[in-house]
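**Q** Submitted below is the structure of interest, expressed as C-alpha cells.
The values are calculated or read from the model by the stated rules, or taken from the named source; none is laboratory data. Treat the numbers as computed from the prediction; the structure is a model and nothing was measured. Note that each Cβ is placed from the backbone with ideal geometry, even for glycine, and that neighbours are counted across all protein chains shown. The accessibility values were calculated without ligands, DNA or RNA, using every heavy atom of the protein model including side chains. Shrake-Rupley method; radii C 1.70, N 1.55, O 1.52, S 1.80 Å.
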Amino acid sequence: MVEHIGIEGNELADKEAKEVAKGRSADTKLLPPYLRKTLLINLAALKMAHHTELKKEWKNGWNNSTQGKALAQINETMPSTQFVKAISNPKLSRDIASKIAQLRLMHIPLNRYLKRIWRVDSARCPACRADEENITHYLLNCPSYVHERWALTQHARKERKAISVKILLRDPKFILPLAGYIQATGRFKQHGEQSSRLNSNTTQSGN
C-alpha cells in the first residue's frame, strides 16, 4: 500500500485501512447514516452467483446429453481445460485440432455420422467397404490404414499402453501421434484429394 506521507486526511485514511485489514473497523455509530444500513444488493456477488449457476446448469445439461454421456466413456472429467490446452499445441494445425475435437464429440464426418444426418446414403467405409465406418473402425480397425496406424501402435508400445479409442482421445501424450495419423490417412481432405487416395489404395489392393 502506498502511504500518503505528510497529507493529514490521506494519512488518516491509510490508518483506517490498516485497521480494517487487521479485522478492526470503526464503530457503526460513527459512520454516515447511509453506510449503517445493510447493502440490499451486492452486484459483484450477484453476478458471480449467476455465472456459477449458469455454469452448473450447462454442465448438468451436457452430462445428461447423448454426446455428454458418450464422451464420459472416454474422459469422465469433461468438460475440462486440459483437453483445450492439449489441442492448443502450436504444432497442431487448426484443421487437425478441429478434427480431434470432433472425434471426441462424435460429430466427425465419418459415414456412420453422415448417414445419420442424411448427408450420405450409406454408412459403409469408403476405404475398405466395411459395413459401418465409425470412430472405432477409423482409428483402430480399418485395414486400409494399417500403414498409417503403425506410428500410433509404436507410440503406444513406447508408452506401454494398449492402444484404444479412449487412450487416443484422452491421453495428451497421444495428441501429436493422433494428429499425424489423421493427416496421413487423408480421410477428411477435400473430396477430390480423398478420391485420388482411395483409388490408389484400391489399385494397390488389386495388385
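**Q** Within region 31-63, take every residue that is modelled with pLDDT of 80 or more and polar (S, T, N, Q) and give me the one that is farthest from Arg104 (Cα to Cα).
**A** This residue is Thr52.
**Q** If Cys125 meets every condition in (1) more than 13 Å from Leu103 (Cα to Cα); (2) out of contact with any Phe, Trp or Tyr (no Cβ under 9 Å at 6 or more places or on another chain) apart from one, which number is that one?
**A** With (1) more than 13 Å from Leu103 (Cα to Cα); (2) out of contact with any Phe, Trp or Tyr (no Cβ under 9 Å at 6 or more places or on another chain) applied to Cys125, the lone miss is (2).
**Q** Can you pull out every residue in region 149-174 that is of a type in the set (A, V, I, L, M), surrounded by fewer than 20 Cβ atoms within 10 Å (Cβ to Cβ) and under 27 Å from Leu114 (Cβ atoms)?
**A** Answer for region 149-174, where residues must be of a type in the set (A, V, I, L, M), surrounded by fewer than 20 Cβ atoms within 10 Å (Cβ to Cβ) and under 27 Å from Leu114 (Cβ atoms): Ala151, Ile163, Val165, Ile167.
**Q** Can you tell me how many residues within region 99-124 are under 21 Å from Ser65 (Cα atoms) and hydroxyl-bearing (Ser, Thr, Tyr)?
**A** So the answer is 1.
**Q** Among the residues of region 107-123, how many are open to solvent by 70 Å² or more (accessible area, probe 1.4 Å) and in contact (Cβ under 8 Å) with a residue 12 or more places away in the chain?
**A** Filtering region 107-123 for residues open to solvent by 70 Å² or more (accessible area, probe 1.4 Å) gives 107, 112, 115-116, 118-119, 121.
Subsequent filtering for residues that are in contact (Cβ under 8 Å) with a residue 12 or more places away in the chain retains 107, 112.
Adding up the residues that qualify gives 2.
**Q** Is there a residue in region 128-135 that is among the charged types (D, E, K, R), over 24 Å from Pro90 (Cβ atoms), modelled with pLDDT of 95 or more and open to solvent by less than 20 Å² (accessible area, probe 1.4 Å)?
**A** yes
**Q** Please specify each residue of region 133-164 satisfying the condition of being in a helix (DSSP H, G or I), free of Cβ contacts under 8 Å to residues at least 40 places away in the same chain and within 26 Å of Asp121 (Cβ to Cβ).
**A** Going through region 133-164, the residues in a helix (DSSP H, G or I) turn out to be 135-141, 143-158.
Adding the requirement that they be free of Cβ contacts under 8 Å to residues at least 40 places away in the same chain leaves 135-137, 140-141, 143, 146-158.
Of everything in region 133-164, those that are in a helix (DSSP H, G or I), free of Cβ contacts under 8 Å to residues at least 40 places away in the same chain and within 26 Å of Asp121 (Cβ to Cβ) turn out to be Ile135, Thr136, His137, Leu140, Asn141, Pro143.
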